[in-house]
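Participant: Can you keep this structure in mind? I'll have questions shortly.
Coordinate-derived values only; no laboratory data. Quick caveat, the model's predicted, so the values are computed rather than measured. Here the Cβ is made from the backbone with ideal geometry for all residues, glycine too, and neighbour counts use every protein chain on show.
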Amino acid sequence: MSSPDRAGSAGRSVLLLGGTSAIGTAITDALIREQPGPVLLATRAPDRATEPAARLRAAGATDVGVIRYDAAQVGEAAGVVAEAAALLGRIDIVIVASGSYADTAALAGDLDATLELVTVNLLGAIAAGEALRPLISAQGSGRILALSSRLHPWALEHAGVYAASKAGFDTYYRALGADLRAVGGEVLVIRPPGVNTPLVEQHPSYHSPEEVAVEVLTALADGSTELTIDSHEEQRSGRRSVVRRLLARRRRRTSGGHHRNLH
Ligand SMILES: NC(=O)c1ccc[n+]([C@@H]2O[C@H](COP(=O)([O-])OP(=O)(O)OC[C@H]3O[C@@H](n4cnc5c(N)ncnc54)[C@H](OP(=O)(O)O)[C@@H]3O)[C@@H](O)[C@H]2O)c1
């Protein structure tokens, strides 16, 4: 990332907060394949960013830089965004992907761990949003892709602190989107279902990060402000109920015809 003007001259720039996130890097990869440009990975662990950086270069990124970012260090968010803006020149897309997960049993009795999770998922995310607000306002454009979560009854029952932190995140980014619309900014709040990433226990029915990325690109092209992604099971049962509705309509039509013939 040699020149501050580089992004403007070399395509659409992407800043990924949570630079090694599996979902975040899959979305970045898809964005780069759609429209090449420079990428900045903001991460706690620059050494772990080597592999995603190489993958994004191979996908067509014109340049990939890595800077330090820790969502738990709430007071540092403004400095990180300023550093990113200086390196990229202008920031076209920001993906807010930092997130931590622990269920109620894992957090039980550990107030420090509980507050750390809320700090990363909610306070750190708000600090990032507040740092992005004046930047997007000054640019007159810029899109934020905010990785929220679906509020499953299961999560409410078994992972209440995570669910609460993500509910706050979701509300904040929807509100930020409404504010930024007036100055040319856009926010897409994304609610993935279970996704196979290091954050959660793997499950064969879960989405892959790449499947999430496909849906995100479609939502971006549609100009959507919210994207709730159905699980595979919900997609299957949705398809089944469409087929059931079509069959029922056909049966009604057939029996209607028969009925008419009776008169
Ligand atoms: N996987 C799912 O089933 C699922 C479902 C719904 C929503 N989401 C949301 O999607 C987002 C991305 O998650 P992912 O599934 O891609 O998982 P992931 O690969 O584990 O990425 C999570 C990222 O969050 C950052 N992070 C984690 N713990 C942190 C901490 N204590 N302090 C600061 N940063 C921390 C890390 O970034 P660095 O290590 O690069 O700093 C990490 O790469 C999260 O916000 C998550 O809540 C995930």
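Participant: Write down the radius of gyration of the stretch 44-107 and its Dmax, each obtained from C-alpha positions, in Å.
Facilitator: When restricted to Cα atoms, the stretch 44-107 yields Rg and Dmax of 14.4, 45 Å.
Participant: A further question on this structure: Work out how much length GLU34 to THR171 would gain on full extension: take 0.36 nm times their residue separation and subtract the Cα-Cα distance, in nm to one decimal. Before the final figure, lay out the partial values.
Facilitator: Details: separation 137, 0.36 × 137 = 49.32 nm, distance 2.93 nm.
My answer for the length gained is 46.4 nm.
Participant: Counting only C-alpha contacts under 8 Å and six or more residues apart, can you give the relative contact order of the chain as a whole percent? Display every interim value, and only then the final one.
Facilitator: Working: 459 pairs, mean separation 46.4, N = 263.
Reported relative contact order: 18 percent.
Participant: Determine the principal axes of the Cα atoms in the stretch 77-208, then give the extent along each, sorted from largest to smallest and rounded to whole angstroms.
Facilitator: Its Cα atoms span 44, 32, 26 Å along the three principal axes.
Participant: Separate question: Compute from the Cα atoms of the stretch 204-247 the Rg and the Dmax, the latter being the longest Cα-Cα distance, and quote both in angstrom.
Facilitator: When restricted to Cα atoms, the stretch 204-247 yields Rg and Dmax of 12.7, 34 Å.
Participant: Per the Kirkwood treatment, what hydrodynamic radius in Å, one decimal, follows for the stretch 134-198 from the mean inverse distance over all distinct Cα pairs? Walk me through the numbers on the way to the answer.
Facilitator: Values: mean 1/r = 0.0773 Å⁻¹.
The Cα-based Kirkwood calculation yields 12.9 Å.
Participant: Can you tell me how much longer the chain between GLN235 and ALA82 gets when fully stretched, taken as 0.36 nm per residue apart minus their C-alpha distance, in nm with one decimal?
Facilitator: Values: separation 153, 0.36 × 153 = 55.08 nm, distance 4.10 nm.
Result: 51.0 nm gained on full extension.
Participant: On a C-alpha basis, how far is the centre of the stretch 41-84 from the centre of the stretch 196-253 in Å? Whole number, if you could?
Facilitator: For the stretch 41-84 versus the stretch 196-253, the Cα centre distance is 30 Å.
Participant: Would you list ARG33, ARG240 from fewest to most Cβ contacts within 10 Å? It would help to have the intermediate numbers written out before the result.
Facilitator: Numbers: ARG33 14, ARG240 10.
Ordered from fewest to most neighbouring Cβ atoms within 10 Å, ARG33, ARG240 come out as ARG240, ARG33.
Participant: Using the number of other C-beta atoms within 10 angstrom as an exposure proxy, rank GLU51, GLU215 with the fewest first.
Facilitator: Details: GLU51 11, GLU215 18.
Lowest to highest Cβ neighbour count: GLU51, GLU215.
Participant: Then there's this: Have a look at the stretch 6-229 and give its Rg and Dmax from the Cα atoms, expressed in angstrom.
Facilitator: Answer for the stretch 6-229, Rg first and Dmax second: 16.4, 52 Å.
Participant: Also: Please work out the FRET efficiency for the pair LEU199 and THR104, using the Cβ-Cβ distance as r and a Förster radius of 22 Å; give the result to the nearest 0.05.
Facilitator: Details: r = 16 Å, r/R0 = 0.74.
In this case the efficiency is close to 0.85.
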